[in-house]
Amino acid sequence: MLAELSIKNFAIIELLTVSFEKGLTVLTGETGAGKSIIIDAIHLLAGARGSSEFVRYGEKRAELEALFLIEDEKHPVYSKCEEFGIDVSDGMIILRRDLSSNGKSICRINGKLVTIAVLREVGQFLVDVHGQHDNQELMNEENHIHLLDQYGGKKIKLALENYFDVYRNFDSLQKKIIQLSENEQEMAHRLDLLQFQLEEIEGADLQPKEDELLQEEKNQISNYEKVYESLNNSYSALHGEQRGLDWVGHAMSNLENVGNINKTLKDLSETISNAYYMLEDLSYQVRNELESLEFDPERLNTVESRLNEINTLKRKYGQTVEEILTYSAKIEEEIDTIKNKDSHLYKLQKELDSILEDLTIEAKNVSNIRKNFAKVLIDEIHQELKELYMEKTTFDVKISTKQTSSGQQVKYTANGSDDIEFFISTNPGEPLKSLSKTASGGELSRIMLAMKSIFSQHQGITSIIFDEVDTGVSGRVAQAIAEKIYRVSNGSQVLCITHLPQVAAMADTHLYIAKETISGRTKTSVKPLIEEEKIKEIGRMIAGVEVTELSKEHAKELLSLAHTSKG
């Protein structure tokens, strides 16, 4: 849920912090007080496009920040944050966005700088802003397949996973066949390029880890004087009269003379003897290294030349010799494939035909499950519409098979072979029309609310925002909408800007938005209303500007009715 929202220098809002509760929160107030501005701020925090026009006049930047509390540890927003390396602790997600007057925008999630695209991807799991005139997810026919799949839950998800395992191989084979079926001229050019690359790599006669060994040799030759001096000094310090080994030898001889007196002296004698012989062996190794040293300027030139040759190949074919050799093997295989194109095409086509049989079975299984859930969804939508006094409205889910551009074959995508679109007819005798082409107004508001009532249970959205979706309705329809919005709030936190007293009466929390002019500047404030204040505000919504005793009585009646309908 959205727990707190902070706004600074945004439109007409100078400074505002609002706390939100679970359930249904309504925002009311006079036109122009700033209700929609608050929703705009939340929308921007969820990744909507911003503009310098949002920055309060005379200020350099606007600052927006929202705290979301996520109680469900399996909520999809956790995996989405993990995908982008965003740490989420204590079930808290803080979205922040700064808009500057020069048009720049800075976004953060839990303190981590992110792009607007990342903010939008995370925000889609937290907030769903639904306005009467917005191009919403439900109105976009491309999203209908995803909405039906979400409605189908685990059953469709499992079927899609089984389908995708086969589709992945099918898609890979298709791409290989397309690549091999390119025109002869392109294939000839490709073959020439690959053969040139292979000849260049093979001509270098690379050996595994050759670059590492050469670099080590180069370092040794380049540091000859330093190595020689260090080895020589080390050997001289150990070997010779009055040197390290000579003095350790004296100590060993002296301890050997008393080693038989007690166990402690014997242990000391053995330890120093071992140390002496170890140091003696090390001194011989140092001497051998010293004797093996030789400075060969010509060898250094040879090594450097070979390293330059290898580095040239690295810039073209890989970061290491191993990567270059792997690339060589890969293009060698591709050259063979191109030279024997026909036989490879035949083999790939047979493999594709075999996989296509499995893919067809899995796609039909997904399609059948979708059709079964579509029937249930249609019944649920009709029930929701009936409760909104649209019992004569017909809703349908059209599921058809995707076709290739030629129209002769089934087209398979990552989501299966189905084209899915929602259709609706609002009056008897009228043909079904695509939901995306349905008329706007109060009718559309009810249709969208009916669908939102169902889909909100399956989308896992933390906070749903309705921005004046009740426009154009009244009477019993208004009461039905109020009850429907309240029902949505049982599954998700709902924030609702409304002009309907029936909706306001259903609120768990009622926030009143007001504006005032101080020193020639407009400021917006938010106030949670207590019971008496609710009655007065709902009375104002019923009567208009002047609140009468009759409108107050009507407001009390609405609140009583709301209390009863909540159960």
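The values are calculated or read from the model by the stated rules, or taken from the named source; none is laboratory data. Quantities reported herein were computed from a predicted structural model and do not represent experimental measurements. Heads up, the Cβs are rebuilt from the backbone with ideal geometry, glycines too, and the neighbour counts pull from every protein chain shown.
Things to note:
- Among (1) out of contact with any Leu (no Cβ under 6 Å at 6 or more places or on another chain); (2) without any contact (Cβ under 8 Å) to a residue 24 or more places away in the chain; (3) of a type in the set (S, T, Y), the one test that S269 misses: (1)
- Region 201-220: number of residues that are surrounded by 15 or more Cβ atoms within 10 Å (Cβ to Cβ) and closer than 18 Å to R315 by Cβ: 6
- Restricting region 197-254 to residues that are in a loop (DSSP other than H, G, I, E, B) and closer than 30 Å to T271 by Cβ, the residue that is modelled with the lowest pLDDT: G240
- Among the candidates E516, E532, E546, the residue that is assigned to a strand (DSSP E or B) and out of contact with any His (no Cβ under 9 Å at 6 or more places or on another chain) is uniquely E516.
- Condition met for V55 (crowded, with 19+ Cβ neighbours inside 10 Å and farther than 20 Å from I39 by Cβ): no
- For region 208-217, the criterion of being free of Cβ contacts under 8 Å to residues at least 40 places away in the same chain, under 30 Å from S305 (Cβ atoms) and not charged (D, E, K, R) is satisfied by at least one residue.
- Some residue of region 164-171 being under 30 Å from D379 (Cα atoms), surrounded by 14 or more Cβ atoms within 10 Å (Cβ to Cβ) and modelled with pLDDT of 85 or more: yes
- Checking G491, G475 one by one, the residue that is surrounded by fewer than 16 Cβ atoms within 10 Å (Cβ to Cβ), at positive phi and either charged (D, E, K, R) or without any contact (Cβ under 8 Å) to a residue 40 or more places away in the chain (or both) is G475 and no other.
- Some residue of region 351-368 being surrounded by 12 or more Cβ atoms within 10 Å (Cβ to Cβ), of a type outside the set (A, V, I, L, M), touching a strand residue (DSSP E or B) at 6+ places or on another chain (Cβ under 6 Å) and part of a helix (DSSP H, G or I): yes
- Check on Q319, within 37 Å of the chain's Cα centre (by Cα), in a loop (DSSP other than H, G, I, E, B) and of a type outside the set (A, V, I, L, M, F, W, C): yes
- Positions within region 15-73 being part of a helix (DSSP H, G or I), out of contact with any Phe, Trp or Tyr (no Cβ under 8 Å at 6 or more places or on another chain) and closer than 22 Å to S489 by Cα, in sequence order: K35, S36, I38, I39, I42, H43, L45
- Single residue of region 381-400 satisfying the filter (free of Cβ contacts under 8 Å to residues at least 24 places away in the same chain and touching an Asp or Glu at 6+ places or on another chain (Cβ under 9 Å)) that is farthest from K452 (Cα to Cα): S400
- Residues (surrounded by 14 or more Cβ atoms within 10 Å (Cβ to Cβ), more than 30 Å from L293 (Cα to Cα) and of a type in the set (A, V, I, L, M, F, W, C)) located in region 231-280: A251, M252, L255, L265, L268, I272
Okay, residues lined up against (1) touching an Asp or Glu at 6+ places or on another chain (Cβ under 7 Å); (2) assigned by TED's automatic domain parsing to the domain that holds V321; (3) of a type in the set (G, A, S):
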residue	(1), (2), (3)
L198	yes, no, no
S222	no, yes, yes
K226	no, yes, no
W247	no, yes, no
V258	no, yes, no
S269	yes, yes, yes
S283	no, yes, yes
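- Flag if L119 is farther than 21 Å from S19 by Cβ, surrounded by 18 or more Cβ atoms within 10 Å (Cβ to Cβ) and more than 15 Å from the chain's Cα centre (by Cα): no
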